[in-house]
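Shown next, in structure tokens, is the structure this report addresses.
The values are calculated or read from the model by the stated rules, or taken from the named source; none is laboratory data. Everything numeric here is computed off the predicted structure, so don't read it as measured data. Cβ atoms come from the backbone with ideal geometry, glycine included; neighbour counts cover every protein chain shown. Calculation scope for accessible area: heavy atoms of the full protein, side chains included, ligands and nucleic acids excluded. Shrake-Rupley method; radii C 1.70, N 1.55, O 1.52, S 1.80 Å.
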Amino acid sequence: MLPNEILRTILKDDFNIKNEDYKKHEIQAKKLNKTLEQYLFDENIVDEVELYTKASNRYEVPFVTLKGVEIKKEILNLVPPPLAQTHNVVAFDKDKQEVKLAMLDPMDIQTIEFLHRKIGLIPKVFFTTPSDIKEALHRYHADLESDVSIRQLSDGEVASEKDLKKAAEELPIINIVNSILEHAVYEGASDIHIEPAEKEIVVRYRVDGILKNVMNLPKTVRSGIVARIKVLSNLKIDEHMKPQDGRFKIQIQDEKLSFRVSIMPVYDGEKIVMRLLHEGQKPLNLDQLGFLPEARKLVEEAIKKPHGMILVTGPTGSGKTTTLYSLLGILNQPDVNISTIEDPIEYHVKGINQSQTNAQVGFTFAIGLRAFLRQDPDIIMVGEIRDNETAQIAVHAAMTGHLVLSTLHTNDAPTTLPRLLDMDIPPFLIAFTANIIVAQRLVRKICEHCKKEYYLDKTEISELEKSTDIKKIKELFNKQKIKLADKEKNVETLIFYRGEGCRRCNNTGYKGRIGIYEVLDIDKDMAKKINERATADVIKDYARQKGMTTIMEDGIVKAKQGITTIEEILRVSKD
């Protein structure tokens, strides 16, 4: 659909639609739950081809009509199906030097550049109509249906291993899977979800922590896609009733990527979730992770200590492992022996001895940790403390002269201490070994290309009041050395920021993620509280008196700095 400003200008200059009429059409379209464009077409106020021809003149891009144009299958497939669907782009012709692309957004330079690199031909961009693009996209489905020879199975019927292997090796299936993987990398996805439904297959990507639909595929290709991913992951191709886990590696241009695969039987077949891991990715430093100066100083002091425990807590997907790898990146020096036990190994790091748990042979966190202690380590990383045995060995390792890094699943830093007590760790051992506890969440960053100032409305202020002491918000900014303008006298006049949405952020207003943190330093007075078996609330109150910044406050500071939004902080900070 055309951007509002261009649409309004064309309607005024080329179709003589006055402002008052434009507003009437806009109100009527909203009532009918339609876009303004769709309303204008449906009511025969404007012709679609005429409108988009005028728009192509504005963009100074040639216009093309795809209706009735025969597009060869090999040309159509030059653009990966996920990219075609999400970015409304279709290849319709080519020669030795150029590939002709029909698009709805000829200013989408990122997509054009991606296709230039992928296809290896110079893209020549044409403007077309939404209905022409829609019709062309339907051809992908028709071609998939006709190309895949594995027949549609009736309920309860299972394909033979031979049939599945044959399906996995068919070119259309290989192309679909390659397209899904490549486009996920292009979109900056962290996870790919391939979900079977009654009549189709839904492909979704998790981008910046949020799942979004990318494409729907016909049900006939389901068996082939599952078989292909099982072949890549070296899993049992004819096992459909049990969950399976595996991994595989691919190279896209110069980048090596590892995919962690989980396959689970569900009602309509098998669901696949793949986690993308960028091999050889350098650990981020503490500034890049998003630590504010005070919190960063506490973490830097903690990792300089020769022994003790550094614990990182938060829910699944909150970036705990990334934080641990960043700390290991700082500690990884030739004169220290670092060993890790993980489930699974997410990043391979040169100079670090990494082991992966294996439940099938009884290689657990606890057994791996015991073995490490005979390997003369200086620093140990335990992927996660899940049970009493692992907790006890980790604490004893910290007590006997090792620096131990690990993660726990708790909502904030203070509740970590009672959680360790629940694991039968004596209070004096926790007090003696714990150096620091970092609780974290991940929030989306505002897109720098469409960032705008705004003031909080009454609803947002009300939500904020439920989560923090809003009267002390100015004190918080003073503490973090954030200067306020003279007009920012109360919460209503404080300037915050948000993204309006643009091409570069797919109209979300966000691009990338950053951490918000709560760092609990275990000093002598805090150790005394732990020895007294203080509750999480008592520990939190005491830490606040000592100047600890909570996750919510850390987020509010980053919102004021224009890094993220208040909506994001409220979204991820709710317990």
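Computed values, structure above
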| read-out | value |
| --- | --- |
| Only listed residue being free of Cβ contacts under 8 Å to residues at least 60 places away in the same chain, within 16 Å of residue 310 (Cα to Cα) and not in a strand (DSSP E or B), chosen from 330, 345, 341 | 330 |
| Region 219-232, residues that are over 17 Å from residue 266 (Cβ atoms) and open to solvent by 10 Å² or more (accessible area, probe 1.4 Å) | 220, 228, 231, 232 |
| Contacts under 6 angstrom Cβ, first residue in region 424-444 being of a type in the set (Asp, Glu), partner open to solvent by 10 Å² or more (accessible area, probe 1.4 Å) and modelled with pLDDT under 95, 6 or more apart | 424/388 |
| Qualifying residues in region 239-266 (those that are open to solvent by less than 60 Å² (accessible area, probe 1.4 Å) and of a type in the set (A, V, I, L, M)) - the one farthest from residue 343 (Cα to Cα) | 252 |
| Region 450-467, residues that are more than 17 Å from residue 498 (Cβ to Cβ) and open to solvent by 100 Å² or more (accessible area, probe 1.4 Å) | 465, 466 |
| Residues located in region 489-507, provided they are closer than 26 Å to residue 462 by Cα and part of a helix (DSSP H, G or I) | 491, 492, 493 |
| Count - residues of region 468-488 that are open to solvent by less than 30 Å² (accessible area, probe 1.4 Å) and not in a loop (DSSP other than H, G, I, E, B) | 4 |
| Enumeration of residues in region 356-393 that are more than 19 Å from residue 409 (Cβ to Cβ), crowded, with 19+ Cβ neighbours inside 10 Å and small (Gly, Ala, Ser) | 368 |
| Criterion (open to solvent by 50 Å² or more (accessible area, probe 1.4 Å) and in contact with a Lys or Arg (Cβ under 8 Å, 6 or more places away or on another chain)) met by exactly one of 304, 236, 282 | 236 |
| Counted residues, region 82-103 - those being under 16 Å from residue 214 (Cα atoms) and either among the basic types (Lys, Arg) or open to solvent by 20 Å² or more (accessible area, probe 1.4 Å) (or both) | 4 |
| Criterion: modelled with pLDDT of 95 or more, within 27 Å of residue 573 (Cβ to Cβ) and among the hydrophobic types (A, V, I, L, M, F, W, C) - qualifying residue of 461, 473, 437 | 437 |
| Tabulated pairs, region 1-28, first under 14 Å from residue 39 (Cα atoms), second open to solvent by 40 Å² or more (accessible area, probe 1.4 Å) and in a helix (DSSP H, G or I), C-beta under 7 angstrom, 6+ apart or interchain | 22/8 |
| Output for region 176-211, where each listed residue is open to solvent by 40 Å² or more (accessible area, probe 1.4 Å) and either within 20 Å of residue 515 (Cβ to Cβ) or within 15 Å of the chain's Cα centre (by Cα) (or both) | 188, 204, 206, 210, 211 |
| Which listed residue, of 242, 271, 230, 236, is touching a residue at least 12 places away in the same chain (Cβ under 8 Å), assigned to a loop (DSSP other than H, G, I, E, B), on the phi < 0 side of the Ramachandran plot and among the basic types (Lys, Arg) | 242 |
| Helices (runs of 4 or more DSSP H) wholly inside region 508-575 containing at least 2 residues that are farther than 17 Å from residue 477 by Cβ and open to solvent by 10 Å² or more (accessible area, probe 1.4 Å) | 524-531, 536-545, 566-573 |
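Residue-by-condition table, conditions (1) among the polar types (S, T, N, Q); (2) touching a residue at least 12 places away in the same chain (Cβ under 8 Å); (3) farther than 30 Å from residue 422 by Cβ:
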| site | (1), (2), (3) |
| --- | --- |
| 461 | no, yes, yes |
| 469 | no, no, no |
| 474 | no, no, yes |
| 491 | no, yes, yes |
| 494 | no, yes, yes |
| 503 | no, yes, yes |
| 510 | no, yes, yes |
| 516 | no, yes, no |
| 535 | yes, yes, no |
